[in-house]
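The values are calculated or read from the model by the stated rules, or taken from the named source; none is laboratory data. Quick caveat, the model's predicted, so the values are computed rather than measured. Cβ sites come from the backbone with ideal geometry, for glycine too, and all protein chains shown count toward neighbours. Note: areas computed on protein heavy atoms with side chains; ligands, DNA, RNA excluded. Shrake-Rupley method; radii C 1.70, N 1.55, O 1.52, S 1.80 Å.
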Amino acid sequence: MRESIIRIREEIKAYNILDIESQEAFRLKFLSKKGIISNLFDQFKTVSPDEKRELGRELNQLKLLATEKYNSIKDNFSSFDKTSKQDDLTRPGYDLNLGSRHPISIIRSEIISIFEKIGFSVAEGPEIEDDDHVFTKLNFAPEHPARDMQDTFYIFRQSVEDSNPNDILLRTHTSSVQIRVMQSQKPPIRAIFPGRVFRNEAISARAHCIFHQVEGLYINEKVSFADLKQSLLFFAREMFGKNTDIRLRPSYFPFTEPSAEMDVRCRICEGKGCNICKHTGWLEILGCGMVHPNVLESCDIDSKKYTGFAFGMGIERLAMLKYQINDLRLYFENDIRFLKQFRSVL
Ligand code: DAH
């Protein structure tokens, strides 16, 4: 028996407890009711009385050694212990904090998928642009007020008094992408251009210096104003419901002729007049028109052969109408209470 005690003592000292499995194996081998130490205690009953005293002490020390080793290591793994009380397999799982999509990006995707249905592809252009793409090639007269420092953020300007096609600025509208696309592709062209735009405006509930637009362009032989109207009617009905009425009012933009602004019948009051539509029964949602021949020619497109229409809309404005958001600043402040309200919408 003495030999066994010495052998087991060495074994206990050398035993490497690395993980919860080897810890449990150690317990079963040395400390459990059927383990070797308990076995030795059984044998101890048969030991002769004169050996009992000595062997009894050694046996107790052996048990203490095993118990202490086990206890010293036990806490290292206890939080992973499959048998511990902390691990209640019936406990409900943690709530995964799912993010939500920003209303601007929801509306943007909606606009894109509507126009994709009628054959429009999607393209993008740079936010930092030159005067040539933002103004000159879009038929803006040299003295047009949009070219003023008051309205446009300039990064580089040749002269403070006069604008120059090489001036570098933040684009004030996505119409600049029309030029980029017409310079790099031959008609037929049918595409929309979503993107951020920048204007030198004081921030308020109704104005912001950064906002988002979606521009559209269709250039082909024999494109007519009727095509423009039909495409935009389709868009309005997909976006606001199939009974939505539209109205085109004459307007002016340098890059389109004729130009128009499009209204949709107010959904809140069904056209009767309310605060949202300022009692007119109509809500303005976009600008549009037939691409000006000067614009086509500035991109080397034969304006005798090709015609086209263009339109541009503000995403913030559409989202305001759709979700009845009354302050533009909410889009940019990232207030979680605002953003959370769009959680369920994909
Ligand atoms: N670029 C115009 C703006 O920012 C919107 C616009 C109007 C775009 C008419 C167009 C258009 O393409 O045809 O106010």
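Considering only residues that are more than 14 Å from the ligand (Cβ to nearest atom), in contact (Cβ under 8 Å) with a residue 24 or more places away in the chain and not basic (Lys, Arg), look in region 300-312 and name the one that is most open to solvent (accessible area, probe 1.4 Å).
Asp300
Of the residues Glu129, Glu110, Glu116, Glu143, which is surrounded by 12 or more Cβ atoms within 10 Å (Cβ to Cβ), without any contact (Cβ under 8 Å) to a residue 12 or more places away in the chain and assigned by TED's automatic domain parsing to the domain that holds Val181?
Result: Glu116 is the single residue among Glu129, Glu110, Glu116, Glu143 that is surrounded by 12 or more Cβ atoms within 10 Å (Cβ to Cβ), without any contact (Cβ under 8 Å) to a residue 12 or more places away in the chain and assigned by TED's automatic domain parsing to the domain that holds Val181.
Residue by residue through region 226-274, note down the ones that are aromatic (Phe, Trp, Tyr), open to solvent by 50 Å² or more (accessible area, probe 1.4 Å) and within 12 Å of the ligand (Cβ to nearest atom).
Listed by number, the residues that qualify are Tyr252, Phe253.
Restricting to region 313-329, give me the number of residues that are open to solvent by less than 30 Å² (accessible area, probe 1.4 Å) and within 16 Å of the ligand (Cβ to nearest atom).
Residues in region 313-329 being open to solvent by less than 30 Å² (accessible area, probe 1.4 Å) and within 16 Å of the ligand (Cβ to nearest atom): 6 in total.
Residue-wise test of (1) under 26 Å from the mean Cα position of the chain (by Cα); (2) within 12 Å of the ligand (Cβ to nearest atom); (3) not hydroxyl-bearing (Ser, Thr, Tyr).
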{"position": "Arg157", "(1), (2), (3)": "no, no, yes"}
{"position": "Asn164", "(1), (2), (3)": "no, no, yes"}
{"position": "Gln183", "(1), (2), (3)": "no, no, yes"}
{"position": "Arg199", "(1), (2), (3)": "yes, yes, yes"}
{"position": "Ile203", "(1), (2), (3)": "yes, no, yes"}
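Would you check if Glu221 is within 30 Å of the chain's Cα centre (by Cα) and either charged (D, E, K, R) or within 13 Å of the ligand (Cβ to nearest atom) (or both)?
Judged against the criteria, Glu221 is not a match.
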